[in-house]
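J.: My structure is below; once you've seen it, I'll send some questions.
What follows draws every value from the coordinates through simple rules; no lab data is involved. What you see is a predicted model, and the numbers here were worked out from it, not measured in a lab. Don't worry about glycine lacking a Cβ; one is built from the backbone with ideal geometry, like all the others, and counts go over all protein chains shown.
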């Protein structure tokens, strides 16, 4: 193994945290192969988070990352929920479901003191944050464990904000990236740049190491990101069809089909823009429909539709998260993917 | 000077053809500095094209490129024109203009035998095409002069089509690029990829040299593109504020202001999606309004609004073409920009 990277891992290569499609098994495999495996924690209860970290640390002694969201949960909004349910009513009727089946409650919780209490026992090498950073006090607490703090920027302004507020490194999240845009200082999508445009501007603007994310799927992409000034890279989509991922069979099929050449940013599944493969709901409502409630409240009303449709073999209502480059999605072990990617670090 | 690149120029660096903001002066300056200067010909009459090429060849002995569009001109459509004029009527009223002031006629003509008759006397080193390729007979004629033919691809499918139909090299036009998307096999914007995702996929798919375009604005960007597998790069926006460009003062100001951090694909100005800086018309009608007629018929009804508004110092109705990375737009000579960019070729 070479000397550790600034992330603590042997390789400056992060397996992107991907909620809903992976957990400790993928993270452990990547960390054991020298990369920085990640646990996506935003959708986990405190108990589930504890279980994930316990299982992960039983599988690897290597450094790892745990990822959290930093949104401010919105107040309930019955009026917007009603608009959303009205937009979905035809699908409920079609699938023989009732709006009364919707289980209330948020699908994603932000980082908090309670979460920190769970994490503290594990002292991860790295904590990564999406949608900004936690409060100064919480950030201080995390750093007191020795954990490095990294966070996503989608604009130069966000990168400068993260630097000023104590991040140890910046993830430059280009528009190609799958899943949620990390944007937190703006909701204006006209500010969102491809990696080729965003990365060198952030490298120039900040004094911190910059981690490139978005569209990077092979050794060539990593070599390109390094040449553009990145100190490390974060790769997500290329790991989604590994046996260690928990990606559904339907989602794996979509990623390995021509459908994966058609992605868009959509607010339908959570309320925030996130990139996924086009499906029926996105086509019919429009991927950025104003009917979707505030993040993360859009999810609840979709859950019954998704469950019923998936049970019938349909992805019509599923969030098929994917970046713009699914060309490397194959059913090969994560260690092999990591080794193939690492070749781009030494070109 | 090093050995000529496959393009004939000393440097594998193309100054992107940018109709409306540059002509022979910029092209000559870039070609004389070792890059491949380009004449954008899509908006030129046969006489104007002849004049441009005459002036260019008086200023440089070096290789250059001439760029053409390959669209099929649509039939007139009075019903769509009426919808478009209705959408613009409030602006005509506001500016004291009459719809009767609209001069009919297309703003952009495709490559043709007549155009080839003008170009043949000059035998440019390179001809580049947007929106596909000319007919097999025309392509054969062009190649018989010894001109290399390059063309834009926005998807892997388009790259394979161009290779099968006789292109000598492929321009991989990433989503970051300013001006018109070169897409010609699809109108589906969900297929459009950032350079980081598109470039390595096209490099892998074709046996031809690939020219990277989109988001590349400095030496770092060029080094990144080369690492991603590009054999050459095409840079546009970084040249737009050179003294040799004909970019309007209003457009130059926008490019060098924070407004340039806000771009979008819009169909409003021509009927085809093209990237420009957000302005009032794009905000108020939506950048992809279905009211815009088929390319290139949207332009005619906007011309009076644009002329009147610009005369009053306003860019409300101007196409402010720009890529996503305007960070390098400065009032410095094109030779200096070319030399700065070239440093990325030898890293």
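J.: With springs connecting C-alpha atoms under 10 Å apart, model chain A as a Gaussian network and identify which of A:190, A:289, A:93 has the largest mean-square fluctuation.
T.: A:190
J.: Would you mind telling me the antiparallel percentage of the DSSP bridges in the protein assembly as shown, rounded to 5?
T.: 20
J.: Put a point 7 Å out from Cα along the line to Cβ at residue A:335; what are the distances to that point in the other copies, in nm, shortest first?
T.: Between copies, matching label points for residue A:335 lie 5.9 nm apart.
J.: Once R0 is set to 56 Å, what does the formula 1/(1 + (r/R0)^6) return for the Cβ-Cβ distance between residue A:6 and residue A:77, expressed as a FRET efficiency to the nearest 0.05?
T.: 0.85
J.: If we hang a label 7 Å off Cα along the beta carbon direction at residue A:96, how far is it from the matching labels on the other copies, in nm, shortest first?
T.: 6.9
J.: Specify the angular offset, from 0 to 90 degrees and rounded to the nearest 10, of the alpha carbon long axis of helix B:195-205 from the longest principal axis of the alpha carbons in chain B.
T.: Helix B:195-205 sits roughly 50 degrees off the main axis of chain B.
J.: Enter the Cα centre distance for the pair the range B:307-341 and the range A:288-328, rounded to the nearest angstrom.
T.: Computed from Cα coordinates, the inter-centre distance equals 40 Å.
J.: Report the far tail of the P(r) of the protein assembly as shown, meaning the percent of Cα-Cα pairs longer than 34 Å.
T.: Cα-Cα pairs in the protein assembly as shown separated by more than 34 Å: 47 percent.
J.: Which of rounded, prolate or oblate describes the range A:18-131 when judged by the alpha-carbon gyration tensor and an a/c cut-off of 1.5?
T.: prolate
J.: From other protein chains only, count the Cβ atoms within 10 Å of every residue's Cβ in B:13-24, then give the mean.
T.: 0
J.: Say we join alpha carbon atoms closer than 10 Å with springs in a Gaussian network model of chain B; which of B:324, B:61, B:163 then has the biggest fluctuation?
T.: B:61
J.: Right, something else. List the distances, in nm to one decimal, from the label point of residue A:250 to the label points of the same position in every other copy, shortest first, placing each label point 7 Å from Cα along the Cα-to-Cβ direction.
T.: So the distances to the same position in the other copies read 5.1 nm.
J.: Counting DSSP beta bridges with both partners in chain A, what percentage is antiparallel, nearest 5?
T.: 20
J.: Between the range A:74-94 and the range A:156-212, how many Å separate their Cα centres?
T.: 33
J.: Something else now. Which whole number gives the average, over all residues in A:223-234, of C-beta atoms from other chains lying within 10 Å of the residue C-beta?
T.: That works out to 5 on average.
J.: Using a Gaussian network for chain B with springs between C-alpha atoms less than 10 Å apart, which of these wobbles most: B:155, B:237, B:72?
T.: B:72
J.: Can you tell me the orientation of helix B:78-94 relative to chain B, as the angle in degrees between its alpha-carbon axis and the longest Cα principal axis, to the nearest 10?
T.: Rounded to the nearest ten degrees, it is 70.
J.: Relative to the longest principal Cα axis of chain B, at what angle does helix B:46-59 sit, 0 to 90 degrees, rounded to 10?
T.: 40
J.: Would you mind listing how long the range B:99-195 runs along its three principal axes, going by Cα atoms, in whole Å with the largest first?
T.: 45, 40, 20
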